[in-house]
Amino acid sequence: MDLFESFSIAREALRANRLRTILTTLGVIIGVAAVIALVSVGQTVRTSVVGEFATLGPELLWVLPGKAREGSQFAREEGRLSLTFEDAEAVAKDADAVSGVSPILQTSIEVTSAGRRVTTTVVGTTPNIADVRGLSMQAGRFLSASDLVRRKRAAVLGPSLARRLYRTPANILGRRVIINGRAFDVVGLLRSEGQVLGLDLDDRLYIPVTTAQQLFRIDYASFIFVKAKDTASVPRALRETERILLRRHGEEDFTVLTQSQLLTSLDAILRILTLALTSIAAISLVVGGIGIMNIMLVSVTERTREIGIRKAIGARRLHILTQFLIEAVVISLVGGLMGMLVGLALSWGISTSLFNSAPSLGSTAPIVLLAFGFSAAVGVVFGVYPAWRAAQLHPVEALRYE
Amino acid sequence: MTPVVALREATKIYRLGKVDVPALRGVGLAIEPGEFVAIMGPSGSGKSTLMNLLGCLDRPTSGTYLFGGHDVSQLSDDELAELRNRRIGFVFQTFNLLPRLSALKNVEMPMVYAGVSRAERLRRAQAALERVGLAHRASHAPPELSGGEQQRVAIARALVNTPSILLADEPTGNLDSRSGEEILAIVQELNAQDMTIAMVTHDRDIAEHSQRIIHLRDGRLVRDEMVPRPKQARQELIDLAVVSP
């Protein structure tokens, strides 16, 4: 029997129960749309987050307090106090493969200016952070060595914070900002850095780390940025940093991460997250499949007489099986196709509105194929039992069915 | 000559729960090529069961069934389906057309299962509809046709694969007398063109259109009579027209 005929029979039958067909298809549409949207958004999140981190520079190393152990709590209490300003100086002095070191003392705190009061991130650091992190100025200057030595109350603002704090953000040099009850001079305005992990890197201000230690009565660093001379010397910078800190601390109460390590673990986390979300979405596709099975069983019962007639005039079991299977597959494929469109629209909307990047065609093509194949498989898997039941009907009994 | 169909000591026992219900208790019957046989009997006599056996819709519990000289009582479901498709034409009391398909599509259906090409199907279906005088109604779906027209579509469908035998189960049972006579007229014309026909009926008047009447009672063949002068449906149609102009 030719396939075209089977398809036209299926189309006829599906058209005869339009509402039922639409509702059943809807189950598949939702399932496929959910899978596509989540996989695609997950990919966008991964590429955009990983991409954002990558822009921080491949030569960057993070020195974090506390030892990351398998199955242990990262950054335990005693570990939080393990890094000091002097550690940073020692690494800067002794490590050959390192071009810059910046200790970071960072805290989230309320700052005020001219009656405005906002909570932001205050970063105490050294002037060379500008080089280490690749910061550039929009106006004014960055922190200087004399700011550091004299523990000056000088502050450099990110553009977002400037906008939140001042009515005229372009013209803020020489203004005052109050941190922890002390007045700071605004000496510079940074160029925008954008976001990482949805975190606004421009919503922060930089002050000399010496001033920060005094201000907060703290003498340890939250973490230390180490910049290798170039990408090739990253492994050497890693070994040197670890050796120097181990010598100074006597124990490994710190963790040094390279950017690639960070990216790898970040990527792994996001991958697992995407997978988990997609699995949940896949469940709805299975539910859609059960909907198909249900409706096909009803259809087989309703059309028992038709099956009897077809058998009487010579349909074999395979003919009947194919007929009902194709019907199920048509439902699931149409649902798959429409779900794909809905899913792509959803993922495009979410990606552009949340991450400012449309999902690339190259990354969605395999998902689309997967969803399409999956929905066809759903049709076959959930259609085969009803179709088999139809094929097994005895012609005499089927003909007698009212 | 080899009979078209021949049953020997055929029995059919249905199991209802734990009780065996014999529907046929040993029937021997042969229908020769070109014969027009009516099968009569009261309800419960086994007419339908006999028809199902003759039509290869069911297998005898015991005994043999020769179709065109070949024993088909042990064939598989699919082999029986193929036999029904190519060698047997069915006409049912309730027409059994597929309501969603046009008359033409209904007639094409047996050829779909026979693997006939699309163009050939169309040609043969149209020819078959023409043969029963319904070429002009080919695109209509069964619900748009009268009972008599539907039965003619069913006959066209039964003929389209040029079967060796036409099995009609109360073909006029759902029709008014005039439409019934028309159907009988077509059946008699087919028979005149050498088609072998077996027709189940409970109506003596209808049965007398055939050449031979087989009487069943309680699952047994009780009488096998020849009809010396079968009624001619064409003539009766003319008479009907005279009585009620």
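Tabulated data
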quantity: Karplus-derived HN-Hα couplings along segment B:85-98 (A = 6.51, B = -1.76, C = 1.60, θ = phi - 60°), whole Hz, x at Gly and Pro; calculated: 5, 9, 10, 10, x, 10, 10, 9, 4, 9, 6, 6, 8, 7
quantity: Calculated FRET value between B:LEU237 and B:HIS202, using beta carbons and R₀ = 25 Å, to 0.05; calculated: 0.65
quantity: Cross-link reach list, aspartates and glutamates versus A:LYS152, counting only Cα pairs under 15 Å and skipping chain neighbours closer than eight places; calculated: A:ASP185
quantity: Within chain A, longest stretch clear of exposed trypsin sites (Lys or Arg not before Pro) (DSSP loop, no more than 12 other Cβ within 10 Å); calculated: A:218-402
quantity: A:LYS93 paired with A:ARG163, simple spin-label distance in nm, labels 7 Å along Cα-to-beta-carbon; calculated: 4.4
quantity: Global geometry of chain B, whether rounded, prolate or oblate, following the gyration tensor of its Cα atoms and the 1.5 cut on a/c; calculated: oblate
quantity: Helical mean residue ellipticity (222 nm; -39500 (n - 2.57) per DSSP H run of 4+; nearest 500) of chain B; calculated: -11000 deg cm²/dmol
quantity: Partner chain coverage, peptide A:300-313 - average Cβ within 10 angstrom; calculated: 5
quantity: Computed E for A:VAL381/A:THR352 - FRET, C-beta separation, R0 51 angstrom, nearest 0.05; calculated: 0.90
quantity: Cross-link partners of A:LYS229 among lysines (Cα-Cα below 17 Å; sequence separation of 8 or more within a chain); calculated: A:LYS93
quantity: Two-site FRET efficiency, B:THR2 against B:SER62, from Cβ-Cβ distance with R₀ of 25 Å, rounded to 0.05; calculated: 0.65
quantity: Percent of beta bridges antiparallel (DSSP, segment A:103-222, rounded to nearest 5); calculated: 70
quantity: Approximate spin-label separation B:ASP20-B:LEU122, in nm, with each point projected 7 Å along Cα-to-Cβ; calculated: 5.5
quantity: Shape of segment A:103-222, Cα gyration tensor, a/c cut at 1.5; calculated: rounded
quantity: Average beta-carbon neighbours from other chains, 10 Å sphere, peptide B:78-88; calculated: 4
quantity: Helical mean residue ellipticity (222 nm; -39500 (n - 2.57) per DSSP H run of 4+; nearest 500) of chain A; calculated: -19500 deg cm²/dmol
quantity: For segment B:94-245, share of DSSP beta bridges that run antiparallel, in % to the nearest 5; calculated: 55
quantity: Average beta carbon contacts from partner chains per residue of B:89-99, 10 Å cutoff; calculated: 3
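Computed from the coordinates by the stated procedures, all read-outs in this text should not be read as laboratory data. The structure presented is a predicted model; accordingly, all values stated were derived computationally and were not measured. We place every Cβ from the backbone using ideal geometry, glycine too, and count neighbours over all the protein chains shown.
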